[in-house]
Amino acid sequence: MRRNKRPSGAEQAAGNGLLHRRLFLSAGAAAIGSSALPETTAAAETLAIEPWMKTPGSPFTAYGQPSKYAGKIIRTFASAPGTTGTGTSRTPHHLLEGTITPNGLHFERHHAGIPDINPEAHRLLIHGRVKRPLVFTLDSLMRYPMESRVAFIECAGNSSVLYQKEPAQAGVQPIHGLLSCAEWTGVRLATLLQEAGVEPGAQWLLAEGADASGMSRSVPLAKAMDDALIAIYQNGEPVRPSNGYPMRLLLPGYEGNMNVKWLRRLKLTEGPTMTKDETSKYTILLNDGKSLQFCFAQEAKSVITRPSPGLTMGAAGLYEIAGLAWSGYGKITKVEVSADGGASWTLAALQEPVLPNAITRFRAPWRWDGGPAVLQSRAADDSGYVQPSRAKLIADRGARGAYHFNGITSWSVAQGGEVKHVYA
């Protein structure tokens, strides 16, 4: 019986060296690993006895910290001129794996800094078009049944530099870093609203935060009664102050600004309140001067995180293309990858679990020949929505806006291995 020289599925599946995703299934993954080994190894040499093996290590600490050797895995941040806490910090997705963002690396967007809230003094009021106004303390909320949801939160302004005429010479973190994913645990908002008794005619609610900006947004009642949470925990620990301690609103799949942090008030209303944060901001300005308002769900989107700018390629050979995909419309059903600027595509492997309104990691094997390439990814979700090209998005919507950019991102790989952001 003749033996194959290459693992099953190693045939090219798309142009410029993209291989079939089945290489990541069953025994194919082992073949990839073995092909990445150097031609000569030092396996026969004795392992050295390193200094840290000769003396006892450090003592316990009250709260664990990252290794000092992982010091480059940090957020980048910028504040508005004249302020210290109004601005954004961004997640370094190109340096992370998996799909859950560590709490200390979750992106932030603040309109007036991070309030220092005493949880014993904090209250959540539910009023307006309800039969019985209610006030909750953190302690009283903790007595209700809790649920957990794995959900991404993405700032509506994430990736907005791709609206610019020329490609920004930046990488994953500055372009796409206003996105994170966590396991959120708390009380279903529907449970609290049912207890308050929703009056006929109520179709919306106003969510207001306890920060100095009084950040507030209108939310459709249908969403509040569906999968919304009053989140108290983030990845198993109390929500960080920068992400809403002692409680925040979680609206899975909706633009980040609507997931109001430091939640203090929910007022049920007949119509939207038209706050400053949903009129002067968070609308999409079209070419004809009109604006799209109340575009809540974050559309299907993906980005290749490795290779990407700042992560220079080495010698020609077999590589893994890895990235992230997500959709506020539901569950990612497929991600396609191209190495020739969209001339041809192949399906990437999706890493389980694939959850609705959560980040999904995708992977594709690539045999790079050392020459020029343009890498792209394209996501689709279970609503049938397919991530558009940048050209199509701008043709349909224009380039005057700053929100909800979800067009395809392109990374060029030069012959020497340098990776840059380009438009293709």
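The values are calculated or read from the model by the stated rules, or taken from the named source; none is laboratory data. Everything quoted here is computed from the prediction, not taken from an experiment. Cβ atoms come from the backbone with ideal geometry, glycine included; neighbour counts cover every protein chain shown. Remember, those area values only see protein heavy atoms, side chains included, never the ligands or the DNA or RNA. Shrake-Rupley method; radii C 1.70, N 1.55, O 1.52, S 1.80 Å.
Before moving on, here are some points about what is shown:
- Residue check, PHE362 in a loop (DSSP other than H, G, I, E, B) and among the aromatic types (Phe, Trp, Tyr): no
- Out of GLY186, GLY197, sole residue that is farther than 30 Å from TRP411 by Cβ and surrounded by 20 or more Cβ atoms within 10 Å (Cβ to Cβ): GLY186
- Residue match in region 117-132 (condition: open to solvent by less than 10 Å² (accessible area, probe 1.4 Å) and within 18 Å of the chain's Cα centre (by Cα)): no
- Complete set of residues in region 53-112 that are acidic (Asp, Glu) and either outside any loop (DSSP other than H, G, I, E, B) or surrounded by 12 or more Cβ atoms within 10 Å (Cβ to Cβ) (or both): GLU108
- Of all residues in region 316-337 being assigned to a loop (DSSP other than H, G, I, E, B) and not aliphatic (A, V, I, L, M), the one that is surrounded by the most Cβ atoms within 10 Å (Cβ to Cβ): SER327
- For beta carbons closer than 7 Å, sequence separation of 6+ or different chains, a first residue in region 162-188 that is farther than 18 Å from SER302 by Cβ and a second that is crowded, with 21+ Cβ neighbours inside 10 Å and among the hydroxyl-bearing types (Ser, Thr, Tyr), the qualifying pairs are ALA182/THR101.
- Here ASP381, ASP340 are screened, and the one residue that is among the acidic types (Asp, Glu) and either closer than 19 Å to PRO309 by Cα or open to solvent by 10 Å² or more (accessible area, probe 1.4 Å) (or both) is ASP340.
- Residues (part of a strand (DSSP E or B), closer than 30 Å to ARG123 by Cβ and out of contact with any His (no Cβ under 6 Å at 6 or more places or on another chain)) located in region 267-306: LEU268, THR269
- Of residues in region 172-183 being open to solvent by 10 Å² or more (accessible area, probe 1.4 Å) and either part of a strand (DSSP E or B) or in contact with a helix residue (DSSP H, G or I) (Cβ under 7 Å, 6 or more places away or on another chain) (or both), the one farthest from ASN287 (Cα to Cα): GLU183
- Of all residues making up region 228-267, the number that are open to solvent by less than 10 Å² (accessible area, probe 1.4 Å) and small (Gly, Ala, Ser): 4
- Search result, residues across region 398-424 that are within 23 Å of the chain's Cα centre (by Cα) and surrounded by 20 or more Cβ atoms within 10 Å (Cβ to Cβ): GLY401, TYR403, HIS404, PHE405, ASN406, GLY407, ILE408, THR409, SER410, TRP411, VAL419, HIS421
- Breaking point among (1) farther than 30 Å from ARG306 by Cα; (2) crowded, with 20+ Cβ neighbours inside 10 Å; (3) acidic (Asp, Glu), for GLU147: (2)
- Evaluation of GLU166 against (1) over 19 Å from ALA78 (Cβ atoms); (2) open to solvent by 60 Å² or more (accessible area, probe 1.4 Å); (3) assigned to a strand (DSSP E or B) (one fails), failing number: (3)
- Residue in region 185-197 that is in contact with a strand residue (DSSP E or B) (Cβ under 8 Å, 6 or more places away or on another chain), under 15 Å from GLY128 (Cα atoms) and in a loop (DSSP other than H, G, I, E, B) present: yes
- Residue list for region 351-370, restricted to those being of a type in the set (Gly, Ala, Ser) and in contact (Cβ under 8 Å) with a residue 60 or more places away in the chain: ALA358, ALA364
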